[in-house]
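**Student:** Sending over a structure as structure tokens; questions will come in a sec.
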Amino acid sequence: MKFVAAFLTSALLAGTVHAATANPDASQIKAAHDLMGAMQAEKMMRMTAGMSKYASPDQRKQVMDKVIKLQPEFVYSKLATPVAKLLSTETSLEMTRFYQSSYGQRVLHDTYNSSAQLYPTQPKPTPAEQAELKKPAYLKAEKEFKANEQAINHETFVLLKEVINGK
């Protein structure tokens, strides 16, 4: 117990736990909701469902049918609170801005529409887009986002299980 308390204290002092919030406020949830919309999280749900293992092809088809019928707003709303607990408001806002940019749209298109790759590649940014990607606000947000990307994917999987179980 002392170790956990010492770790949390040191992490708080180092500023690495600032984004995690047990009870996010309305502005954090709205920022996370907007981020899920900008990321087209309904496609992330489909991708998660498609990569999951199933007992039979029939079960896979049933799950995919359920996921395809989901309204995008349902996915955004359900993921907003868990994502708000993972990311700071600033990160959500900055990453929303990124995914709404022309370069961010190309990244999303490649993410959701490319075939499986051993070494995924990013599209080439234009010089103007490269300048945007070097801004301190974006670099800070990208670092926090990347650090929590697995947790966001996990929350997507948790939502998928809820949809499968009819909750």
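**Student:** Which members of the range 85-105 meet the condition of being at pLDDT below 95 and closer than 19 Å to residue 45 by Cα?
**Tutor:** Of everything in the range 85-105, those that are at pLDDT below 95 and closer than 19 Å to residue 45 by Cα turn out to be 104, 105.
**Student:** Can you tell me which condition residue 123 does not meet? The list is (1) in contact with a Lys or Arg (Cβ under 6 Å, 6 or more places away or on another chain); (2) open to solvent by 30 Å² or more (accessible area, probe 1.4 Å), and all the others hold.
**Tutor:** (2)
**Student:** From the list 98, 145, exactly one residue is under 22 Å from residue 22 (Cβ atoms) and either free of Cβ contacts under 8 Å to residues at least 40 places away in the same chain or surrounded by 15 or more Cβ atoms within 10 Å (Cβ to Cβ) (or both). Which is it?
**Tutor:** From the options 98, 145, the qualifying one is 145.
**Student:** Before we move on, is residue 108 under 12 Å from the mean Cα position of the chain (by Cα), modelled with pLDDT of 95 or more, under 19 Å from residue 31 (Cα atoms) and not in a loop (DSSP other than H, G, I, E, B)?
**Tutor:** no
**Student:** Then there's this: When you scan the range 17-39, how many residues do you find that are open to solvent by less than 40 Å² (accessible area, probe 1.4 Å) and either at pLDDT below 95 or more than 13 Å from the chain's Cα centre (by Cα) (or both)?
**Tutor:** Qualifying residue count, the range 17-39: 4.
The values are calculated or read from the model by the stated rules, or taken from the named source; none is laboratory data. Small disclaimer: the values here were computed from a predicted structure and weren't measured. We place every Cβ from the backbone using ideal geometry, glycine too, and count neighbours over all the protein chains shown. The protein model used for the area step is the full one, side chains on, heavy atoms only, and it has no ligands, DNA or RNA in it. Shrake-Rupley method; radii C 1.70, N 1.55, O 1.52, S 1.80 Å.
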